[in-house]
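Q: Let me give you the structure first, and then I'll get to my questions.
The values are calculated or read from the model by the stated rules, or taken from the named source; none is laboratory data. Bear in mind the structure is a predicted one, so any value in this text is a computation, not a measurement. Cβ: placed from backbone, ideal geometry, glycine included. Neighbour counts: every protein chain shown. Side chains included, ligands, DNA and RNA excluded: accessible areas come from the protein's heavy atoms. Shrake-Rupley method; radii C 1.70, N 1.55, O 1.52, S 1.80 Å.
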Amino acid sequence: MMSFLPRRPFRLTIVHPCVGRRPGEKRYVRTWQMEPLPAAMLAALAPADIEVRFFDDRLEPIAYDQPTDLVAMSVETYTARRAYQIASEFRRRGAPVVMGGFHATLCPGEVAEYCESLVIGEAETLFAEVIDDYRHGRPQPVYRATSRPPLTATPDRSIFRGKKYLPIRLVEFARGCRFHCDFCAIQTFFQATHSHRSVESVIGELRQVSRAKQMVFFIDDNLTSGMDEAKELMRALIPLKLRWVSQMAINGAFDDEALDLMRRSGCVGTLIGFESLDPPTLHQMNKQFNLMRGGAREAVANMRRFGLSVYGTFIFGYDHDSPDTVRAAVEFAHDEGLFIAAFNHITPFPGTPLYQRLESQGRLLYDAWWNDPRYRYNMIPFRPSTMSPEELTSLCIDARRRFYSWSSIARRGVHAVNRRDAFVARNYWAINAMHRWDISGRNGLPLGDANWRGELLRVGGSAVAQELVKR
Ligand code: SF4
């Protein structure tokens with residue numbers, strides 16, 4: 001039988017969209033320029049016999065006119081609008097686009113309007129099929145993961161060659177989290193489940209990609225969601241003599257064996273989502289587990305006991321929040337000598353219980369804030385119940401100003417845990433200075449490129465996709 005398949009290799013273009021760009025600005029937010037691991041995962045999942053090109057929209061112009069057989073983008077809620085602009089450019093030139101990632105699963109009906117194919121759920125068992133279908137001229141509008149796939153692929157970082165990222169190596173061990181915090185898109189996407197790679201494959205990857213003095217960031221949503229597996233990983237990390245950071249829930253801070261293993265395996269510190277110190281608010285968030293064993297203060301004390309720093313995150317805008325709750329959080333973060341801290345308003349991500357509650361109460365200020373040209377980064381997209389959106393914005397900015405004042409940086413820098421060796425002390429000052437600069441530097445950033453002059457192209461026949469995403 002004659003084959004009509006082209007003799008040249010199939011050409012796949014992977015694009016990592018930026019959040020947005022201000023009018024007339026080309027420079028992008030420096031602190032957001034970490035390696036985009038989802039793009040490297042897509043490259044790893046693609047068949048070996050195809051040509052892969054990669055453009056990082058944060059760092060370089062995209063060569064829309066280079067011929068390609070398929071464009072693939074992993075889309076987050078904050079990058080959705082920019083992804084639709086990029087898709088429109090490619091589709092205007094006749095190149096089909098496939099979109100996946102968090103936002104494609106949280107908002108499939110919307111995303112389906114801007115691409116030829118949609119991947120719902122994790123791409124591991126689907127992406128090779130997507131390429132194969134396009135290669136053979138039988139693309140499907142929707143590819144859907146029906147269960148959690150095994151995590152066996154190792155990211156293909158060759159696509160990062162020649163691009164300059166922050167000097168921190170991103171590595172994934174596990175995905176998902178078993179908790180049900182009501183604001184969290186992770187629990188919605190993974191339906192409060194957790195899965196992990198084998199320890200051997202993570203160690204093999206680290207042996208290949210980590211360099212002396214380079215920090216490793218385990219990007220797991222919650223490293224200690226699977227405590228036994230996390231401990232197994234840490235034991236295996238000890239001989240590698242790395243320095244690493246990660247994110248975990250508060251329960252990790254009460255497990256002395258885990259803390260000891262963290263210290264011995266080179267952990268410098270972890271992010272812990274404290275979110276609030278107010279019990280009724282933690283209950284409303286469905287995060288009452290943060291009150292366990294004395295709560296945040298005891299958790300930080302334990303971490304300190306093992307020489308581990310804490311990056312504490314706080315969010316405001318719940319129904320019991322007031323200027324006093326914000327003030328209490330800043331004082332806590334300052335007094336406890338947190339390495340760094342984030343003070344942000346809550347963001348209702350589509351599909352989360354928080355979003356549904358605000359929507360049912362008629363408190364959302366936009367139909368879809370992430371795709372609304374009036375919306376800007378750090379604007380409050382809902383009506384808080386105890387203050388105006390503007391008051392909430394200024395409380396968050398004020399909290400950051402106080403925490404990143406030079407006097408607070410100096411006071412927190414005195415804590416033994418933040419200067420436990422020259423490396424930690426140097427990073428403490430550098431990272432705090434960076435956050436100080438960033439206090440309101442990102443405010444007002446448009447979602448999407450404000451300099452883009454095209455028209456968003458919607459897919460003809462998207463009714464088919466709309467039907468499919470509903471199933
Ligand atoms: S513990 Fe963290 S990752 Fe898990 S559901 Fe809560 S906020 Fe999300």
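Q: Rounded to the nearest percent, how much of the accessible area of the stretch 157-437 (1.4 Å probe, protein heavy atoms only) is carbon and sulfur?
A: The computed percentage sits at 52.
Q: Same structure again: Using r as the Cβ-Cβ distance of R426 and E257, and R0 as 41 Å, what FRET efficiency do you calculate, to the nearest 0.05?
A: Approximately 0.85, to the nearest 0.05.
Q: A43: net charge of surrounding residues, Cβ under 9 Å, Lys/Arg +1, Asp/Glu -1, itself excluded?
A: Neighbour charge sum, excluding A43 itself: 0.
Q: Which value in nm describes the separation of the simple spin-label points at F289 and K163, placed 7 Å from the Cα toward the beta carbon?
A: About 3.4 nm separates the two model spin labels.
Q: Give me the base-10 log of I(q)/I(0) for the stretch 240-319 at each q in 0.13, 0.23, 0.25 Å⁻¹, Debye formula, one uniform scatterer per Cα, rounded to two decimals.
A: Those come out to -0.40, -1.01, -1.14, one per q.
Q: Let me ask something additional. If you roll a 1.4 Å probe over the heavy atoms of the protein chains, what accessible area per residue do you get for the stretch 157-437, in Å²?
A: On a per-residue basis, the stretch 157-437 sits at 42 Å².
Q: So between R178 and Q191, what do we pick up on full extension, going 0.36 nm a residue minus the alpha carbon distance?
A: Full extension from R178 to Q191 adds 3.9 nm.
Q: Which value, in Å², gives the accessible area per residue of the stretch 1-77 when a 1.4 Å probe is used on the protein heavy atoms?
A: Accessible surface, normalised per residue, equals 50 Å².
Q: How are the alpha carbon pair distances in the stretch 187-286 distributed across 5 Å bins from zero to the largest one, expressed in percent?
A: Each 5 Å bin holds this share of Cα pairs: 2, 11, 22, 24, 18, 12, 6, 4, 2, 0.
Q: Go through the chain and flag any cysteine with no other cysteine's C-beta closer than 4.7 Å, please.
A: Flagged as lacking a Cys partner: C18, C107, C115, C177, C267, C396.
Q: One-quarter of the Cα convex hull surface for the chain, in nm²?
A: Quarter of the Cα hull surface area: 22.6 nm².
Q: Do any trypsin sites (Lys or Arg not before Pro) in the stretch 372-408 lie in a loop, going by DSSP, with at most 10 other beta-carbon atoms within 10 Å of their beta carbon, and if so which?
A: Passing sites in the stretch 372-408 are R374.
Q: Where the centre of each part is set by its Cα atoms, how far does the stretch 173-220 sit from the stretch 347-421, in angstrom?
A: First find each Cα centre; the distance between them is then 25 Å.
Q: Please quote Rg/Rh for the stretch 157-437 to two decimal places, taking the Kirkwood radius as Rh and restricting both calculations to Cα atoms.
A: Ratio of gyration radius to Kirkwood radius for the stretch 157-437: 0.96.
Q: At a Förster radius of 41 Å, what calculated FRET efficiency corresponds to the Cβ-Cβ distance of V29 and A128, to the nearest 0.05?
A: Once the sixth-power term is evaluated, E becomes 0.75.
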